[in-house]
1. For chain B, set up a Gaussian network in which alpha carbons nearer than 10 Å are linked by springs, and say which option among B:Ser67, B:Ser187, B:Ser110 fluctuates the most.
2. If we count other beta carbons within 10 Å of each Cβ, what is the order of B:Asp57, A:Asp111, fewest first?
3. Fewest Cβ neighbours within 10 Å first, please rank B:Trp221, B:Trp166 accordingly.
4. Please report, in debye to the nearest 20, how large the charge dipole of the stretch B:41-168 is about its Cα centre when each Lys and Arg carries +1 at its beta carbon and each Asp and Glu carries -1 there.
5. Positive end of the dipole of the stretch B:45-237, charges at C-beta (+1 Lys, Arg; -1 Asp, Glu), about the Cα centre: which of B:Leu54, B:Ala131, B:Phe149 has its Cα farthest in that direction?
6. Relative to the longest principal axis of chain B, what angle (0 to 90°, nearest 10) does the C-alpha long axis of helix B:212-231 take?
7. May I ask you to evaluate 6.51 cos²θ - 1.76 cosθ + 1.60, the Karplus curve with θ = phi - 60°, for each residue of the stretch A:98-106 and list the ³J(HN,Hα) values in order in whole Hz, giving x for glycine and proline?
8. Using the Karplus equation 6.51 cos²θ - 1.76 cosθ + 1.60 (θ = phi - 60°), what ³J(HN,Hα) coupling, rounded to whole Hz, does each residue of the stretch B:23-38 give in order, writing x for Gly and Pro?
Amino acid sequence: MDRATHATQTPPAQAANADVHDVGQQHPISVYLKIWGLLFVLSLMSYLVDFFGFQGLFRWSLILTFMFLKAGLIVSVFMHMMWERLALIYAILVPPLCLIVLVSLMTLESDYTFWTRILFFETETALPTGGH
Amino acid sequence: MSDRLIDMTQTPLTHTDHAVTAPHSLESLVSDWSTDQEVFKKVQWGKAMMWIFLLSDTFIFSCFLTSYMTVRASTTVSWPNPSEVFALTLFGQHIPLILIAIMTFVLISSSGTMAMAVNFGYRHNRKATAALMFATALLGAAFVSMQAFEWTKLILEGVRPWGNPWGAPQFGATFFMITGFHGLHVSIGVIYLSIIATRVLNGVYDRNGKYEVVEIAGLYWHFVDLVWVFIFALFYLW
């Protein structure tokens, strides 16, 4: 319905062009197969991080790198985000950025809670009377 | 006549909105958002609404994962080692985290078949679309079954939302909450995909030409896979 009204407003050549983009999202199957393979490889690599038992900063950086790569591939290719207009891309991808604030706040908060527990409860349980 | 005039004056405007500005330019962003109506141009309303729903779902899962981070970082008791908790003995060999790895590959495969179903949908290939969607739903059902197996195993080993034999009691609470909510999403997805696949097979979208319904269902399914990427990394591998 919507598309029909646009078609009447735009010159035929452009309307046809718009329609291809519109209904289309028409990409060769090979694109999906490649991304599929890439996701398999990335998943295997993140599993191997655990299998070989890497620890510390190296482990975290590998896990997070593979995670964001996989997420990026799924959103941009499988969910077709890279072919959408900027108006939609920004509307969907910018709001989750406020999660950075939440995660930072909760990191500070959990650090505070942790040390509060260490300072008060750990000594308390160490007392023979139990503290309460 | 007057209608015509208005139409003519509007034509240049829609012109810039639709065709002249490149879809990825900042100029298109500004012009799309500053038009009086229809911000998401060339996007079917169902698809825009699905994206907005998925955005809200992103926040729900983010809240779960952030609270998991908070309880895990603030507990003074050691956290159970997921690598050991989710290990299985297969063919006489003890393999760490193997069930979760298989579940991950199953879900990624289902995402692959779904992406191809969307593609065949836009080619109006009724049978291939339906077959690939049923394959997706089947893989999703396999995923949920493995999750049910995992839950059963852990419950039998004594994991409860308020405690477990290996360490921090918060482990059970976050595990059941996060994987349970994700499993619920997968289950709903399996039902959703089965319904749409049946309609594809019956030729409903051949008649009304609305094959974008397949893409919208695909968006939901890929999102479920996307959430699993985060759960896999943050809960199972961390």
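1. Looking only at B:Ser67, B:Ser187, B:Ser110, the biggest GNM fluctuation is shown by B:Ser67.
2. Working: B:Asp57 16, A:Asp111 13.
Neighbour counts put them in this order, fewest first: A:Asp111, B:Asp57.
3. Working: B:Trp221 29, B:Trp166 17.
Taking fewest neighbouring Cβ atoms as first place, the list is B:Trp166, B:Trp221.
4. In debye, rounded to 20, the stretch B:41-168 gives about 740.
5. B:Ala131
6. 30 degrees
7. After applying 6.51 cos²θ - 1.76 cosθ + 1.60, I find 5, 5, 4, 5, 4, 5, 5, 4, 6 Hz.
8. Working through the residues one at a time gives x, 9, 8, 4, 4, 5, 4, 5, 5, 5, 7, 9, 6, 5, 9, 6 Hz.
Since every read-out is calculated from the coordinates, none of them should be taken as a lab result. Here the structure is a predicted model, which means the values were calculated and not measured. Every residue, glycine as well, gets a Cβ built from its backbone with ideal geometry; the counts of neighbours run over all protein chains shown.
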